[in-house]
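For reference, the structure is listed below as structure tokens.
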Amino acid sequence: MISYGRQSIDEDDIAAVVETLRGDWLTQGPTIQRFEDAISDFTQAQHAVAFSSGTAALHAAAYAAGLGPGSLAYTSPLTFMATANAARYVGASPRLIDIDSRSLNLDLRLLPCDADAVLPVHYAGLPVGLEQAKWTTRPKVVIEDAAHALGALSYSGPVGNCANSDMTIFSFHPVKPVTTGEGGMVTTNNAELADRLRLFRNHGIVRRPEKDPWYYEISTLGMHYRMTDFQAALGLSQLKKLGSFIERRNEIAVQYQRGLSELEDVALPPEAPPGVVHGYHLYPIRVKARRELFQFLLDKGISPQVHYVPIHHHTISKDIPLPPAGLPNTEKAYQELISLPIYPGLSRESQSTVISAIKKFFSGA
Ligand SMILES: *Cc1c(COP(=O)(O)O)cnc(C)c1O
């Protein structure tokens with residue numbers, strides 16, 4: 001099976017993990033800090049706090065931002081449920097605004113004035129233009145969901161530098177730009193938010209050695225959302241290769257453009273404008289005969305995916321009132337989207353197999 005995404009692990013990654021396993025710290029050791037520092041350097045954000053998953057990072061960011069009952073947190077309908085759940089986890093209410101039909105990122109011009117928070121998702125790795133956003137009113141809290149976009153570059157620098165947001169979250173699930181198995185990170189330039197994130201990650205524990213050498217105090221409800229040291233070692237090793245991973249993903253995108261642009265039944269994903277680097281976590285094309293193409297590719301040993309079943313199509317989302325005009329761009333996109341295989345280790349032969357299969361499908365052969 002040629003899958004839509006997969007991890008790229010080499011001998012250096014394996015050696016890095018093994019070295020940590022032989023050391024003194026399996027968890028809560030010094031490698032976490034090193035990984036956080038490396039992400040902080042890479043994104044140019046002042047603080048980075050590691051978590052056990054991207055979902056945990058989203059929960060922590062919603063907590064640190066002070067969202068709670070009564071807060072309205074807007075996001076894109078075309079995302080993974082964890083983005084909307086970030087609001088639900090802290091008792092806040094998720095809300096949806098439609099996407100831009102070209103970029104497939106949420107259309108920030110539609111953000112209503114009652115928004116307490118917005119969680120823009122850099123869908124497929126294409127940065128949301130936060131620096132150009134024509135906010136009606138900018139909400140108090142902006143949390144970027146950059147699960148797809150580590151290594152992407154916006155007009156205002158690396159995604160995650162929080163130039164136009166309070167916090168950015170990343171995921172290190174195997175299909176994401178770099179992996180730690182499971183893992184996540186929040187970046188921020190706000191020291192107070194970084195403190196709250198750290199507190200939340202570790203049961204709300206505050207050490208108080210000045211009182212008694214063993215003493216610690218807990219005054220807030222925290223979680224156990226820590227990453228292990230051997231995961232951080234894998235993350236550090238993976239991060240060294242992120243530049244080449246993004247380059248390879250962009251090469252694959254160019255090959256798809258060359259191979260598929262002649263097909264009039266296929267709409268290719270938007271390219272990054274000049275000065276912006278696309279992360280190409282996904283390569284979502286749009287076709288009218290989506291179901292038929294999906295099955296055709298499966299039968300040929302190719303495993304595409306659909307990103308995503310929109311948030312409001314799930315029964316859990318019956319608590320979300322939709323905007324009066326509905327979400328027409330999302331509905332239309334969802335009818336047509338299909339994500340083709342794209343990952344650094346995708347061989348040229350495998351990609352040719354995918355392109356030939358799609359051509360064959362549309363030529364009716
Ligand atoms: C993967 C993903 C998440 C969740 O990350 P996990 O590490 O799997 O918990 C959140 N948002 C988006 C957009 C994602 O793709």
Quiz item: What is the distance, in nm, between label points placed 7 Å from the Cα along the Cα-to-Cβ direction at I14 and at L268?
Solution: 3.7
Quiz prompt | Cα-based reach from K300 at 21 Å (exclusive), listing lysines while leaving out same-chain residues under 8 positions away | solution = K288, K359, K360
Practice problem: Distance from a point 7 Å along Cα→Cβ of K140 to each backbone N in the stretch 54-69: keep the residues under 19 Å and list them by number. | Solution: 59-69
Practice problem: For the stretch 12-108, restrict the atom set to alpha-carbon positions and state the Rg and Dmax in Å. | Solution: 17.6, 52
Quiz item: About the Cα centre of the stretch 1-138, what is the dipole size in debye to 20, counting +1 per Lys and Arg Cβ and -1 per Asp and Glu Cβ, all else neutral?
Solution: 640
Exercise. Quick one, can you get me the convex hull of the C-alpha atoms of the stretch 192-300 expressed as volume per residue in Å³?
Key: 238
Quiz item: Taking 0.36 nm per residue of separation and subtracting the Cα-Cα distance, what length does fully extending L242 through A191 add?
Solution: 15.7 nm
Quiz item: Which residues make up the longest stretch of the chain that has no GluC sites (Glu not before Pro) in a DSSP loop with at most 12 other Cβ atoms within 10 Å?
Solution: 1-209
Quiz item: Can you pull the semi-axes for the stretch 317-365, root of five times each eigenvalue of the Cα gyration tensor, sorted largest first, whole Å?
Solution: 35, 16, 7
Quiz item: Tell me, what is the FRET efficiency for Q335 and W214 to the nearest 0.05, using R0 = 56 angstrom and their Cβ-Cβ distance as r?
Solution: 0.40
Quiz item: When the dipole is taken about the Cα centre of the stretch 88-223, and only Lys, Arg (+1) and Asp, Glu (-1) are charged at their Cβ, what size is it in debye, to the nearest 20?
Solution: 60
Practice problem: Rounded to the nearest 0.05, what FRET efficiency do S261 and S347 give with R0 = 22 Å and r taken as the Cβ-Cβ distance? Could you check? | Solution: 0.55
Quiz item: Treating the beta-carbon of each Lys and Arg as +1 and of each Asp and Glu as -1, no other charges, what is the dipole magnitude of the stretch 173-245 about its Cα centre, to the nearest 20 debye?
Solution: 220
Exercise. Taking every pair of alpha-carbon atoms in the chain, give the share separated by more than 40 Å as a whole percent.
Key: 14
Quiz item: Roughly how many nanometres apart are two label points built 7 Å out from the Cα toward the Cβ at D37 and R22?
Solution: 2.2
Quiz item: Just how far, in whole angstrom, is the stretch 303-357 from the stretch 1-60 if you go by their alpha carbon centroids?
Solution: 27
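Each value in this text was obtained by applying a stated rule to the coordinates, not by laboratory testing. Quantities reported herein were computed from a predicted structural model and do not represent experimental measurements. FYI the Cβ positions are ideal-geometry reconstructions off the backbone, even for glycines, and counts take in every protein chain you see.
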